[in-house]
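Peer 1: The structure is given below, and queries will be raised subsequently.
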Number of protein chains: 2
Amino acid sequence: MHLYGNWRSAAAFRVRIALKLKAIPYEETFIDLDAGDQHKPDFRAINPQGAVPALFDGEGPPLTQSLAILDYLEETRGGPRLLPEDARARARVRSLAQLVACDTHPLYVPRVRSFLMEEYGLPKERMMGFVRHAFEGGLRTLETRLSSEDGTGRFCQGDAPTHADLCLVSLWVGTGIFGVPTDPYPTVARIAQACLALPAVAEAHPLRQPGAPQG
Amino acid sequence: MHLYGNWRSAAAFRVRIALKLKAIPYEETFIDLDAGDQHKPDFRAINPQGAVPALFDGEGPPLTQSLAILDYLEETRGGPRLLPEDARARARVRSLAQLVACDTHPLYVPRVRSFLMEEYGLPKERMMGFVRHAFEGGLRTLETRLSSEDGTGRFCQGDAPTHADLCLVSLWVGTGIFGVPTDPYPTVARIAQACLALPAVAEAHPLRQPGAPQG
């Protein structure tokens, strides 16, 4: 498989984790989002949205959208299950994953940050207020749900990682990159640490990818 | 089943369509988002995020996040299939659905519009520029993909509606509510019209629900 990603992309991080957990061999091409390479014709031909990740599996057309890719990997490949067998548990995992991947992460992607600064002339610090507000909304709901719902175990759903954990840890790593306080979210923190202790997650970590800031 | 929704909610609209296409009996309680009823303790106990839809199926805990609910209905109920059998086609449907439900719709929900006006003091018309920009990004990518990719038929994927169409028509109806120009998107328009011609979609239409503006 061939992944188009970026060191900082939370969505590409989720896909890298799944590929590594399932021991699927892949290569990754790192698109420089800061240089705008996602908008160049070569990449727009792969994903007209101009967003990573995009994944090629053999000769087929590119797969896009991180959650769609995670489901595709789950349905077509072996390795550890990343969705529970029970339909209600699966729905809970998907709901937690979408709380991050739909309702939180899209609010702080580069194209939104640029729009707020360029179109509204917001200085960087005020734009970052919007980013932090997005993080806090997602983290607060995650904390409330994970600390009160029956399904929570060592990970979001029971004691093995699922798509919900891949999303949770992708959000968690962003709190460091964007300077979001994390003290109010001890359950999220506990599960994020359990994720980060997995070799697949450690290897897929944004700061270990080419292009990431050193040190 | 018991749905908690709102006339205007694009996400609740998607779920209503699926329930009607699959002929699943349900009742709907309409939460007044303009009055802030989604933030009252009674509803926060159902969904700590303070967002619709939430769906009860029997005695189990509430199901939340529209795409997770659609997958749950697909996996647990009969009626017409709303996801294709082929894994690659299913991944394409999910990618198109998430282009709307992850990367477009969350940018213009009430909590984001309020934040821009209350926190940044943007007058309504400038806030609406952010909303229209979100719509345009989603619609442009949908148009490019649907007009060029092999899978497109009468609907987004072939000739029967899927989750992608439920998301597409939920975005399309929003263009009317938010005054977004639609001329540049003829393929999206054609598929939206095919959706709106389905009795299930017509019955589930936001403007036909209690609380919607009359006339």
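The values are calculated or read from the model by the stated rules, or taken from the named source; none is laboratory data. Just so it is clear, the structure is predicted and the values come from calculations on it, not from any experiment. Note that each Cβ is placed from the backbone with ideal geometry, even for glycine, and that neighbours are counted across all protein chains shown. What goes into the accessible areas is simple: the full protein's heavy atoms, side chains included, and nothing from ligands, DNA or RNA. Shrake-Rupley method; radii C 1.70, N 1.55, O 1.52, S 1.80 Å.
Peer 1: If R₀ is 45 angstrom, what is the calculated FRET efficiency for the pair A:E136 and B:Q193, using the beta carbon separation as r and rounding to 0.05?
Peer 2: The pair A:E136/B:Q193 has a calculated efficiency of 0.65.
Peer 1: Which cysteines does chain B leave without a neighbouring Cys Cβ under 4.7 Å?
Peer 2: B:C156, B:C167, B:C195
Peer 1: I need the helices of chain B that pass two filters: whole DSSP H segments spanning 18 Å or more by Cα along the axis, and mean Kyte-Doolittle score no lower than -1.0.
Peer 2: Span-like helices, by this rule, are B:87-101, B:124-148, B:163-178.
Peer 1: Moving to a separate point now. Which whole-angstrom value gives the distance between the alpha carbon centres of the stretch B:184-213 and the stretch B:157-178?
Peer 2: Between the Cα centres of the stretch B:184-213 and the stretch B:157-178 lies a distance of 7 Å.
Peer 1: For the protein assembly as shown, what ratio Rg/Rh do Cα atoms give with a Kirkwood hydrodynamic radius?
Peer 2: Working: Rg = 20.1 Å, Rh = 21.7 Å.
Answer for the protein assembly as shown: 0.93.
Peer 1: Other chains near A:131-138: what is the mean number of their Cβ atoms within 10 Å of each residue's Cβ?
Peer 2: Numbers: counts 0, 0, 4, 4, 0, 0, 6, 1.
What the average comes to for A:131-138 is 2.
Peer 1: For the stretch A:2-80, state the average projected area of the convex hull of the C-alpha atoms over all orientations, rounded to one decimal in nm².
Peer 2: Numbers: hull surface 19.6 nm².
For the stretch A:2-80, the mean projected area of the Cα convex hull comes to 4.9 nm².
Peer 1: May I ask you to derive the relative contact order of the stretch A:1-140, considering only C-alpha pairs under 8 Å and at least 6 residues apart, and to give it as an integer percent?
Peer 2: Numbers: 143 pairs, mean separation 29.0, N = 140.
Computed over the stretch A:1-140, the figure is 21 percent.
Peer 1: Would you kindly work out, in nm and rounded to one decimal, the distances from the label point of B:E203 to those of the same position in each other copy, ordered shortest first, with label points 7 Å along Cα-to-Cβ?
Peer 2: 5.2
Peer 1: Right, something else. Express the accessible area of the stretch A:156-215 per residue in Å², computed with a 1.4 Å probe while the remaining protein chains stay in the model.
Peer 2: Values: 2490 Å² over 60 residues.
Value returned for the stretch A:156-215: 42 Å² of accessible area per residue.
Peer 1: Counting only C-alpha contacts under 8 Å and six or more residues apart, can you give the relative contact order of the stretch B:33-92 as a whole percent? Could the numbers behind the result be given before it?
Peer 2: Working: 35 pairs, mean separation 9.6, N = 60.
Relative contact order, the stretch B:33-92: 16 percent.
Peer 1: May I have the extent of the alpha carbons of the stretch B:38-179 along their three principal axes, as whole Å values ordered from largest to smallest?
Peer 2: 48, 44, 21
Peer 1: Here's another thing I want to ask about it. Please report the spacing between the Cα centers of the stretch B:89-122 and the stretch A:102-124 in Å, no decimals.
Peer 2: Between the Cα centre of the stretch B:89-122 and that of the stretch A:102-124, the gap is 12 Å.
Peer 1: Starting from the Cα of A:K40, draw a straight line to each of the aspartates and glutamates and keep only those under 15 Å, dropping any in the same chain fewer than 8 residues away.
Peer 2: A:D32
Peer 1: Next up: Give me the dipole magnitude in Debye, nearest 20, for the stretch B:2-80 about the Cα centre, with unit charges on the beta carbon: positive for Lys and Arg, negative for Asp and Glu. Before the final figure, lay out the partial values.
Peer 2: Details: 8 positive and 11 negative charges, 46 e Å.
That gives the stretch B:2-80 a dipole magnitude of about 220 debye.
Peer 1: Right, next: Taking only Cα atoms and a 10 Å spring cutoff, compute GNM fluctuations for chain B and point out the largest among B:G151, B:G179, B:G58.
Peer 2: Largest GNM mean-square fluctuation: B:G58.
Peer 1: Could you work out how far the C-alpha centroid of the stretch A:54-77 sits from that of the stretch B:40-82, in angstrom?
Peer 2: About 26 Å separates the Cα centre of the stretch A:54-77 from the one of the stretch B:40-82.
Peer 1: May I ask you to give the percent of accessible area on chain B that is carbon plus sulfur, with a probe radius of 1.4 Å? Mind dumping the intermediate values first?
Peer 2: On the way: 4340 of 8490 Å².
Using a 1.4 Å probe with all protein chains present, chain B comes out at 51 percent carbon and sulfur.
Peer 1: Of the candidates B:R94, B:R81, B:R44, which one comes out as most mobile in a Gaussian network treatment of chain B with C-alpha springs shorter than 10 Å?
Peer 2: B:R44
Peer 1: Using only the Cα atoms of the stretch B:126-215, build the gyration tensor, take square roots of its eigenvalues as a ≥ b ≥ c, and label the shape rounded, prolate or oblate: rounded if a/c is under 1.5, else prolate if a/b is larger than b/c, else oblate.
Peer 2: Numbers: a/c = 2.46, a/b = 1.14, b/c = 2.17.
Judged from the Cα gyration tensor, the stretch B:126-215 comes out oblate (a/c at least 1.5, b/c at or above a/b).
Peer 1: A further question follows. Tell me the per residue accessible area of the stretch B:2-80 using a 1.4 Å probe; a whole number in Å² is fine.
Peer 2: Working: 2980 Å² over 79 residues.
Normalised by residue count, the accessible surface of the stretch B:2-80 is 38 Å².
Peer 1: Let me ask something additional. Of A:W172, B:F13, B:Q193, which is farthest along the charge dipole of the protein assembly as shown in the positive direction, counting Lys and Arg as +1 and Asp and Glu as -1 at C-beta?
Peer 2: A:W172
Peer 1: Along Cα-to-Cβ, 7 Å out, sits the label point; list in nm, shortest first, how far the one on B:A45 is from those in the other copies.
Peer 2: The answer, with the shortest distance listed first, is 5.9 nm.
Peer 1: Using a 7 Å offset from Cα along the direction of the beta-carbon, what are the separations from B:A189 to the same position in each other copy, nm, ascending?
Peer 2: Label-point distances to the other copies, shortest first: 5.4 nm.
Peer 1: Scan chain B for the residue whose Cβ is closest to the axis carrying it onto chain A, then write down that distance in whole angstrom.
Peer 2: B:C102, 2
Peer 1: Let me ask you something else. Can you pull the mean other chain C-beta count within 10 Å for peptide B:58-69?
Peer 2: Values: counts 0, 0, 4, 6, 1, 5, 9, 11, 3, 8, 12, 4.
Average neighbour count from other chains, rounded to a whole number: 5.
Peer 1: Now for a different question. Scan chain A and hand back the longest stretch that contains none of the GluC sites (Glu not before Pro) lying in DSSP loops with at most 16 other Cβ atoms within 10 Å.
Peer 2: Result, exposed sites excluded: A:150-215.
Peer 1: For the A and B pair, go ahead and give the buried accessible area with a 1.4 Å probe, both sides summed, in Å² to 100.
Peer 2: On the way: alone 10400 and 10390 Å², together 16970 Å².
Looking at A and B, the buried total is near 3800 Å².
Peer 1: Return the single residue from A:P48, A:P199, A:P123 with maximal mean-square fluctuation; model: Gaussian network over chain A, springs between Cα atoms under 10 Å.
Peer 2: Maximum fluctuation in the GNM of chain A, among the listed residues, is at A:P123.
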